[in-house]
1. So if I place +1 on the C-beta of Lys and Arg and -1 on the C-beta of Asp and Glu, and nothing else carries charge, what would the dipole magnitude of the protein assembly as shown be about its Cα centre? I want it in debye, nearest 20.
2. Limiting things to C-alpha atoms, what are the Rg and the maximum Cα-Cα separation (Dmax) for the range B:254-299, in angstroms?
3. Around B:T86, which amide H atoms from residues at least 5 apart in sequence, or from another chain, sit under 5 Å from its own amide H, with H modelled in the peptide plane?
4. So which trypsin sites (Lys or Arg not before Pro) in the range A:3-106 end up in coil per DSSP with only 14 or fewer other C-beta atoms within 10 Å?
5. Quick one: net charge of A:K52's neighbours, Cβ under 13 Å, K/R +1, D/E -1?
6. Based on Cβ point charges of +1 for Lys and Arg and -1 for Asp and Glu, what charge dipole magnitude is obtained for the range A:159-247 about its Cα centre, in debye rounded to the nearest 20?
7. Which is the longest stretch in chain A that no exposed loop site breaks, taking sites as chymotrypsin sites (Phe, Trp or Tyr not before Pro) with a DSSP loop state and at most 12 other Cβ atoms within 10 Å?
8. The range B:172-208: which chymotrypsin sites (Phe, Trp or Tyr not before Pro) are DSSP loop and have at most 14 other beta-carbon atoms within 10 angstrom?
Amino acid sequence: MNAGKLLSYIILAIVVIAFVVSIALKGFLVTVGAFLTLFIFSFLYKDNPYYKFAEHLFVGASAAYWMSMGFWKTMVPNLFGKLYPPMVAWAVPALKNNPAQPLMLIPLVLGILLLMRLSSKAGWISRWALAFIVGTTAGLNLVRYLRSDFIQQINNTVFSLYVTNASGFDLGATISNVIIFGGVICGLIYFFFSKEHKGAFGAGARTGIIVLMITFGASFGYTVMARISLLVGRMQFLFGDWLGMIR
Amino acid sequence: MKICFNKVAALGMVLLLLAVPYSWLAAQAEPDTLIQDTTVTITGQEHLPRPAQFTFVHDSEGDAGGSITLKWTLSPDDGAGENNVTSYNIFRKASGESEFEKIGTVASGLTEYEDATTTDGVAYSYYILTSSDSVGSKSDISAGVVSSAQWFNSKDLDTFIIGIIICFSVIFFIFWAQKGKKLYLRKIAGLEAVDEAIGRATEMGRPILYIPGILDMDDVQTVAGITILGRVAKTIAEYDTKINMPVSRSIVLTTARETIRQAYVAAGRPDAYSDDMVHYLTDEQFGYVAAVDGIMVREKPATCFYIGAFFAESLIFAETGHSIGAIQIAGTAMPAQLPFFVAACDYTLIGEELFAASAYLSGEPKQLGSLKGQDVGKIIAMVVIVLLCALFTVASLTESEAVLSLANTIRGWFSAS
């Protein structure tokens, strides 16, 4: 037996003993949660059997969970519950008195067409359903993005570049407005694809990418803080719920 | 005179005696009256705030039905007087019902309420109870109003006009490009590197990992990611390299398989295609991340593409990809994730560069024309912003009400409902 294998067995024995002791002291579910957290954290060292175990357990359990959720949260209320409510009234009594919507036959047919992909001969039929999904998505999003990312953005970027308040000229607010105005215009220039970025236009584009990078820098720090809060949550679980060191 | 007085007094007594049961019966028949009868202050005062009155009770415009809009004039006691109005209570009765029921309360000073709980085809009557502490006075009861759906949403007229202009521009430039006119497209560094990245994977004999984000096909970034996949997969087929594409959505799985299959057919190598190139893992965000990280460290792909919509997993992917020495090309329009990709990847398609990528890679007139048409939208945005900022600045400098009014009017055209 080589040293590596021996070390693996020693680690496995320690893990098993710690697991059993922990169950006796803290209960089964908390112990399982804590050990799975540690198994996932072990990836920070390198890929190992403990990580693989947690990874496969996570993927398998979550895939089954989402499949179940997909049936009960999508198929039942949005298809069966609308197509023929009495069919699912035993499971979701709230749907019992809803009127039947025969139009739901259309998504039912599209769903069946999508499942035709499972057939090697009739798989091509699924393209019709896919085309419908992609086409309606594009159409719906066109309106949504036009409203939120275009019209509303224009509305929010419009302001005076000379701001006054009760005491007269407001230098701070004016500088703030000028920066936002310049940043938006230069950013738009950067995202202009059909003209070469050179000369004054190029200078505007370069300013635009600088503004974007400054924004990303600020956003980076902000988002890292949010991620640290996730880590803090896990640490609280390990040191509080499991080890009882935080009360 | 005496007899006459007695007669009048007797008649009055009779009328009074009749009035008591009559008023009781009337109160039973018309429950609304009860509201006024019970409006007595705790201190014994009976000074009611003067009632608000409806000016507008109509079916809400430009909606899909199920809504009636109510507007009223403020009570004269709103904001003033000893019986200052505290709220307006909205009461509703459907045709066929006997009693009004309270459906909402609006704070004082406001003059509009949208009843979004109506059933189309049913007539509803309303009244407002103008309240001051524990007393209230009732408005006139409105005539019955029926809600219904409209075919055209007049509130979105600005969106419609701008959409038409941009769509027309896109169609115009597509025809322009199809006539053989050359359309210039500036270089996008991340896309210039696609062939180089695939070539590197081929030379190293390692697979290419393609992650289309974690959202479904109803997200435009995923659609863009799949479009770029078509071009990447064609090059992969030509180079005879392997592609590994784990996905987290079943519709994306189907679409990606179809896209890669067509790319292999277009490259003249349909026999080399396999459904195993694209495989489903799980819908769960971090379950998917854990599995993809495992794939990365075990298969060590030479090139990783992250093209689509990403959330917290972006940095985890990019860091793991960096640790295995892969060339990484990312593209997303998620503002919070772009910093991580910019920091950890070799090339990043920022925002709209992602959507321009398919046109850039294909060079097809149809897609190039579409990109040129989108640039028209940017010109409109720039012109409007510059014009309106100039008008507001002039209004501030000159304190001109006319200029301010003009600027606000134009700004009103760009207000999404």
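Every number in this text was worked out from the coordinates using simple rules, so none of it is lab data. In this text the structure is predicted, and so the values were computed from the model without any measurement. Backbone-built Cβ (ideal geometry, glycine too); neighbour counts: all protein chains shown.
1. On the way: 47 positive and 53 negative charges, 379 e Å.
Result for the protein assembly as shown is approximately 1820 debye, rounded to the nearest 20.
2. Cα-based Rg and Dmax for the range B:254-299 come out at 13.4, 38 Å.
3. HN-HN under 5 Å from B:T86: B:S131, B:S132, B:D133.
4. Working: sites: A:K5, A:K26, A:K46, A:K52, A:K73, A:K82, A:K96; in loops: A:K46, A:K96.
Hits after loop and neighbour filter: A:K46, A:K96.
5. Numbers: positive: A:K46, B:R298; negative: A:D47, A:E55, B:D293.
Result for the local shell: -1.
6. Values: 6 positive and 3 negative charges, 50 e Å.
It comes to approximately 240 debye.
7. Working: sites that count: A:Y45, A:W90.
Answer from the scan: A:91-247.
8. Numbers: sites: B:F172, B:F173, B:F175, B:W176, B:Y184; in loops: B:Y184.
Within the range B:172-208, the qualifying chymotrypsin sites (Phe, Trp or Tyr not before Pro) (loop, at most 14 other Cβ atoms within 10 Å) are B:Y184.
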